[in-house]
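Chemist: Before anything else, here's the structure in question.
The values are calculated or read from the model by the stated rules, or taken from the named source; none is laboratory data. None of the values given here were measured: they were computed from a predicted structure. All Cβ positions, glycine included, derive from the backbone under ideal geometry; neighbour counts span all protein chains shown.
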Amino acid sequence: MAFLGLFKKEVMYFPGCLSSAFLKSKIENYKKILKKIGLSFEMPDSDKMVCCGAILENAGYEKQTRKLAKENASFLEQKGIKKIITSCPLCFEMFKNYKEMLPNFNLDIEFIISAVLNAIRENEKLLRNSYYEPIVYYDSCYLARYSKYLEQPRDLLRLFGYKILEIPNYNKEETLCCGSCGNISITNQELAEEICLEFIKKIQKLKIKKIVTADCHAYHHLKKIMEKFNIKQINLLEISEVICDSLGIEKTKEENLDISKKEEQEVKSIIGEK
């Protein structure tokens, strides 16, 4: 396989701030997945590389964003990293933006779905289970509108046997916002909740029962609102769960989502506020 030629020190799996704070079970899923497809990788040192800077940029901290980008680039160079694989759409876009911010930054940036998809295409024996059932793939704003990352998750789900159902008028670049992007859930929680409930209402009207997303932010936001309002008609999945099932990997038990002010405190700690 192509991945076997990459030494451990050359590849870093970067899960991002939100997953590290709230979705540790999904990080464990992805670590198992990467090992399953034969990829050796580093994890970021928590005291050296905490955030890619996307949250800072979204909050308008341009100077701090550039400073952090330079520090991260220096750290990656010292570690000998040549490729970053991330499961966070914000990190995916932000690391690509490093190439515009930092003239000497030339690392290969890959979203984790592409790594898994390419590995399975090279070795179909990785597949253990197929699921011949309909499923809705939700295009988040970050992946669809900003990164134009549209077909890879669908291609992967089709390899698993799923029949992709599209949300009429609200798919791909025209996706329906769930309220998770742009730090809205931190800066205007009431608006973020209103947008999310409107999204859920439309999904319910379409009688959609099973929906999967490759965006950790969308998953976290939708999940916590569904738990808060006791919405049980929709089975929401983060795509690492589907990948684990199809590759025969035991999934890590999911944590209970914290819907308190922990998110606000987490962001403030990143940008240096008290």
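Chemist: If I filter the range 36-65 down to residues being among the small types (Gly, Ala, Ser) and touching a residue at least 60 places away in the same chain (Cβ under 8 Å), which single residue comes out as surrounded by the fewest Cβ atoms within 10 Å (Cβ to Cβ)?
Modeler: Taking the range 36-65 as the starting set, the residues that turn out to be among the small types (Gly, Ala, Ser) are 38, 40, 46, 53-54, 59-60.
When the remaining residues are screened for being touching a residue at least 60 places away in the same chain (Cβ under 8 Å), the result is 38, 59.
Details: 38: 15, 59: 19.
Across the range 36-65, the extreme among qualifying residues is 38.
Chemist: While we're here: Counting only residues that are assigned to a helix (DSSP H, G or I) and touching a residue at least 40 places away in the same chain (Cβ under 8 Å), how many does the range 14-35 have?
Modeler: Quick first cut of the range 14-35, residues assigned to a helix (DSSP H, G or I) only: 17-22, 24-35.
Retained after the next criterion (residues that are touching a residue at least 40 places away in the same chain (Cβ under 8 Å)): 17-19, 21-22, 24-30, 32-34.
Residues meeting the conditions: 15.
Yes/no matrix, rows are residues, columns are (1) touching a strand residue (DSSP E or B) at 6+ places or on another chain (Cβ under 9 Å); (2) closer than 17 Å to residue 162 by Cβ:
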| position | (1), (2) |
| --- | --- |
| 204 | no, no |
| 215 | yes, no |
| 220 | yes, no |
| 235 | yes, yes |
| 238 | yes, yes |
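Chemist: Under the condition of being part of a helix (DSSP H, G or I) and among the hydrophobic types (A, V, I, L, M, F, W, C), which residue from the range 138-167 is farthest from the chain's Cα centre (by Cα)? Don't jump to the end; show me each part of the working.
Modeler: Step one: of the range 138-167, the residues part of a helix (DSSP H, G or I) are 141-146, 151-159.
From what is left, the residues that are among the hydrophobic types (A, V, I, L, M, F, W, C) are 141, 143-144, 156-157, 159.
Values: 141: 12, 143: 9, 144: 12, 156: 15, 157: 16, 159: 20 Å.
Ranking the candidates gives 159 first.
Chemist: Give the residue that is farthest from the chain's Cα centre (by Cα), with candidates limited to residues of the range 168-214 that are assigned to a helix (DSSP H, G or I) and under 16 Å from residue 143 (Cα atoms).
Modeler: 174
Chemist: Would it be correct to say that residue 120 is over 15 Å from residue 217 (Cβ atoms), touching a helix residue (DSSP H, G or I) at 6+ places or on another chain (Cβ under 8 Å) and of a type in the set (Val, Ile, Thr)? Write out each step before concluding.
Modeler: Details: over 15 Å from residue 217 (Cβ atoms): yes; touching a helix residue (DSSP H, G or I) at 6+ places or on another chain (Cβ under 8 Å): yes; of a type in the set (Val, Ile, Thr): yes.
Here the answer is yes, as residue 120 does meet what is asked.
Chemist: Sticking with this structure for a sec: Would you say residue 34 is farther than 13 Å from residue 72 by Cα, at pLDDT 95 or above and in contact with a strand residue (DSSP E or B) (Cβ under 7 Å, 6 or more places away or on another chain)?
Modeler: Spelling it out, residue 34 is indeed farther than 13 Å from residue 72 by Cα, at pLDDT 95 or above and in contact with a strand residue (DSSP E or B) (Cβ under 7 Å, 6 or more places away or on another chain).
Chemist: Restricting attention to the range 86-121, which residues are over 13 Å from the mean Cα position of the chain (by Cα) and closer than 19 Å to residue 154 by Cβ?
Modeler: Hits for the range 86-121 are 115, 116, 117, 118, 119, 120, 121.
Chemist: Could you list all residues from the range 67-110 that are assigned to a strand (DSSP E or B) and without any contact (Cβ under 8 Å) to a residue 60 or more places away in the chain?
Modeler: Our first condition is that a residue be assigned to a strand (DSSP E or B); within the range 67-110, this holds for 83-86, 108-110.
Within the range 67-110, 108, 109, 110 qualify.
Chemist: Here's a check for you: in the range 66-102, which residue that is of a type in the set (Gly, Ala, Ser) and surrounded by 15 or more Cβ atoms within 10 Å (Cβ to Cβ) is farthest from residue 139 (Cα to Cα)?
Modeler: Within the range 66-102, the first condition is being of a type in the set (Gly, Ala, Ser), and the residues that meet it are 69, 73-74, 80, 87.
From the residues that got through so far, the ones that are surrounded by 15 or more Cβ atoms within 10 Å (Cβ to Cβ) too are 69, 73, 87.
Numbers: 69: 27, 73: 30, 87: 14 Å.
Filtering the range 66-102 for residues that are of a type in the set (Gly, Ala, Ser) and surrounded by 15 or more Cβ atoms within 10 Å (Cβ to Cβ), the one farthest from residue 139 (Cα to Cα) comes out as 73.
Chemist: Quick check: is even one residue across the range 94-103 outside the structural domain of residue 215 (by TED's automatic domain parsing), out of contact with any Phe, Trp or Tyr (no Cβ under 7 Å at 6 or more places or on another chain) and within 27 Å of residue 223 (Cα to Cα)?
Modeler: Among the residues of the range 94-103, at least one is outside the structural domain of residue 215 (by TED's automatic domain parsing), out of contact with any Phe, Trp or Tyr (no Cβ under 7 Å at 6 or more places or on another chain) and within 27 Å of residue 223 (Cα to Cα), which makes the answer yes.
Chemist: So which of 100, 93, 110, 122 ends up being more than 26 Å from residue 182 (Cα to Cα) and among the acidic types (Asp, Glu)?
Modeler: Testing whether each residue is more than 26 Å from residue 182 (Cα to Cα) and among the acidic types (Asp, Glu) leaves just 122.
Chemist: Please state which of the following conditions residue 70 fails to meet, knowing it meets all the rest: (1) farther than 23 Å from residue 41 by Cβ; (2) at pLDDT below 95.
Modeler: Of the numbered conditions (1) farther than 23 Å from residue 41 by Cβ; (2) at pLDDT below 95, the odd one out for residue 70 is (2).
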